[in-house]
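What follows is one structure encoded as structure tokens, with my remarks underneath.
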């Protein structure tokens, strides 16, 4: 139980931090490092995939989220979700088998053993399966939200590019002057 | 922090919701003494078998004077559900003090069915349509008058709380 809570806590912190960084307004202009500062419009490649990757996340948990956030750590959802759902399902099936044994048993002592096993495996299975499905849905929801923001930023960038064209720009450290050549369409 | 709280809350709510779904098993095995089920059946007396120390089984219910024997009292479950007997109470036993017929049981005895040895554990059920017996040790003394029927009545109480009355007699040769 403690391990589950710790895992849940770490995952939540990780995604809360990434979410906080992501929701900050994305700059349309990037500054390249010294000595020559050059300005470039952010390209669509800098953004992850769109909300259409939600489908990917529903089939392969974490993969869609990785495509939209470009965070490889999100791939942990793939074994996590499949593992929890699979392990939970196996436990539920084992619980069903134990319950069938209980129903067919006439020895009171064996009945008690089978019934206790059935209840234990069924409850554990449903708990693990519940966490797995919850992770599955949440990561798909995150994929949709990240992807939606990516779509919005991509559309905005595209829209800005139609109106503002940045031809060239830069900072000359020798003359200590800054030059920028742009054109704006009205 | 807000996002952390929301994410954690959603995760807990979703997992709790999914965990509460699904079938929860209950004790409904009709052969389970602790099952909360109502069993429907009728019980009827079938016959008595006398197994004495000196002779082989006597299916006519005959008992000699001055003898130690076991009475196998056969009962039939007419179904449709299995019968689970918990204990029995003698309601009438012939005057053992004076007539020399003795049953070493109290007025409240635990019921064990005849197939216990074969099963390897205490069997307290009779399957629907099956006939099984309750074994009772008896002893007769020399002052018991021969050529008489000794009557015995007892009640069997099942795990559903129902009482089944059984009365029979043993003929003394």
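Neighbour counts of other C-beta atoms within 10 Å: give me A:168, B:169 arranged from fewest to most.
By the 10 Å Cβ count, ascending: A:168, B:169.
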Which parts of the range A:91-122 would a label at residue B:122 reach, counting a residue when its backbone N lies under 18 Å from a point 7 Å out along Cα-to-Cβ? A:106-113
Starting from the Kirkwood Rh over alpha-carbon pairs, what translational D in µm² s⁻¹ does the range B:109-173 have by Stokes-Einstein at 25 °C and 0.890 mPa s? 173 µm²/s
Protection proxy ranking of B:30-43, A:71-84 - average other beta-carbon atoms within 10 Å, highest first: A:71-84, B:30-43
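Determine, for B:47, B:164, the number of other Cβ atoms within 10 Å of each Cβ, and report the residues in order from fewest to most. Spell out each step's value before the answer.
Numbers: B:47 15, B:164 19.
Fewest to most other Cβ atoms nearby, the residues stand as B:47, B:164.
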Where the centre of each part is set by its Cα atoms, how far does the range A:41-110 sit from the range B:110-173, in angstrom? 60 Å
Once you average over the residues of A:102-110, how many Cβ atoms of partner chains fall within 10 Å of each Cβ? 6
Please identify which residues in the range A:101-132 have an amide N closer than 19 Å to a label point set 7 Å out from the Cα of residue B:27, following the Cα→Cβ vector. A:101-123
Each label point is 7 Å from the Cα along the Cα-to-Cβ direction; what then is the distance between the points at residue A:73 and residue A:113, in nm? 4.7 nm
With viscosity set to 0.692 mPa s at 37 °C, what whole-number translational diffusion coefficient in µm²/s follows for the range A:50-155 from Stokes-Einstein and a Kirkwood radius over Cα pairs? 214 µm²/s
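FYI, it's all coordinate maths here, none of it is from the lab. Predicted model only: the values in this text are computed from it and were never measured. With ideal geometry, Cβ positions are generated from the backbone for all residues, glycine too; neighbour counts draw on all protein chains shown.
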